[in-house]
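See structure below.
The values are calculated or read from the model by the stated rules, or taken from the named source; none is laboratory data. For clarity, every value in this text was computed on a predicted model and none was experimentally measured. Neighbour counts are summed over all protein chains in view; Cβ atoms, including those assigned to glycine, are modelled from backbone coordinates with ideal geometry.
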Amino acid sequence: MLHITPIYAGLLGLLFVALSARVIFGRFETHTNLGDGGHASLSKRIRVQANAAEYIPLGLILLATAELQGAGTLWLHLFGAALFAGRVAHAIGLGATPQITALRSAGMVLTFAALVGLSVLCLVLALH
């Protein structure tokens with residue numbers, strides 16, 4: 001049974017809902033039903049949400065796989081926290097106007113560190 005992955009799945013799920021709500025509110029503000037309607041602010045919100053949708057699922061799959069393979073609690077929390085912090089930092093950095101490049105970059109570094117670390121952990125555990 002999974003005990004640690006659900007913590008990060010819940011946190012990342014709430015983050016994704018918040019990012020989705022920003023898109024919805026942006027659509028109301030710009031009276032846009034589909035796409036971005038040529039509004040740069042809505043386009044940015046859509047991109048922030050889409051970026052989360054691209055990285056969160058793989059991160060959670062790797063985290064759950066590592067946990068099911070018996071990875072240590074410390075490793076799971078380390079990589080889960082890095083994934084969550086990375087996604088939050090990236091969303092804030094990319095979503096800000098003007099963009100906060102350092103925060104966006106730090107978010108991607110944390111996200112990639114979590115993905116690479118979890119990938120290696122899964123491989124090590126599978127081949128052990």
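Which ones in region 50-68 are surrounded by 14 or more Cβ atoms within 10 Å (Cβ to Cβ) and either among the polar types (S, T, N, Q) or within 19 Å of Leu14 (Cβ to Cβ) (or both)?
Asn51, Ala52, Tyr55, Ile56, Leu58, Gly59, Leu60, Leu63, Ala64, Thr65
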- [ ] Starting from residues that are in contact (Cβ under 8 Å) with a residue 40 or more places away in the chain and either among the charged types (D, E, K, R) or in a loop (DSSP other than H, G, I, E, B) (or both), keep the ones in region 87-98 and report whichever is nearest to Lys44 (Cα to Cα).
- [x] Thr97
Task: Those residues of region 53-86 which are free of Cβ contacts under 8 Å to residues at least 40 places away in the same chain and either touching an Asp or Glu at 6+ places or on another chain (Cβ under 9 Å) or part of a helix (DSSP H, G or I) (or both), in sequence order - done: Ala53, Glu54, Pro57, Ile61, Leu74, Leu78, Ala82, Ala85, Gly86
- [ ] State all residues of region 28-49 that are in a helix (DSSP H, G or I), over 22 Å from the mean Cα position of the chain (by Cα) and surrounded by 13 or more Cβ atoms within 10 Å (Cβ to Cβ); if no residue qualifies, say none.
- [x] Thr30
Open item on the list: Step by step: first the residues of region 78-102, then only those that are surrounded by 14 or more Cβ atoms within 10 Å (Cβ to Cβ) and either modelled with pLDDT under 95 or over 21 Å from Val17 (Cα atoms) (or both), then the one that is farthest from the chain's Cα centre (by Cα). Which residue is that?
Closed with: Ile100
- [ ] Among the residues of region 1-27, count how many are hydrophobic (A, V, I, L, M, F, W, C), part of a helix (DSSP H, G or I) and free of Cβ contacts under 8 Å to residues at least 12 places away in the same chain.
- [x] 6
Task: Number of the exception - Leu94 against (1) in contact with a Ser or Thr (Cβ under 6 Å, 6 or more places away or on another chain); (2) more than 26 Å from His3 (Cα to Cα) - done: (1)
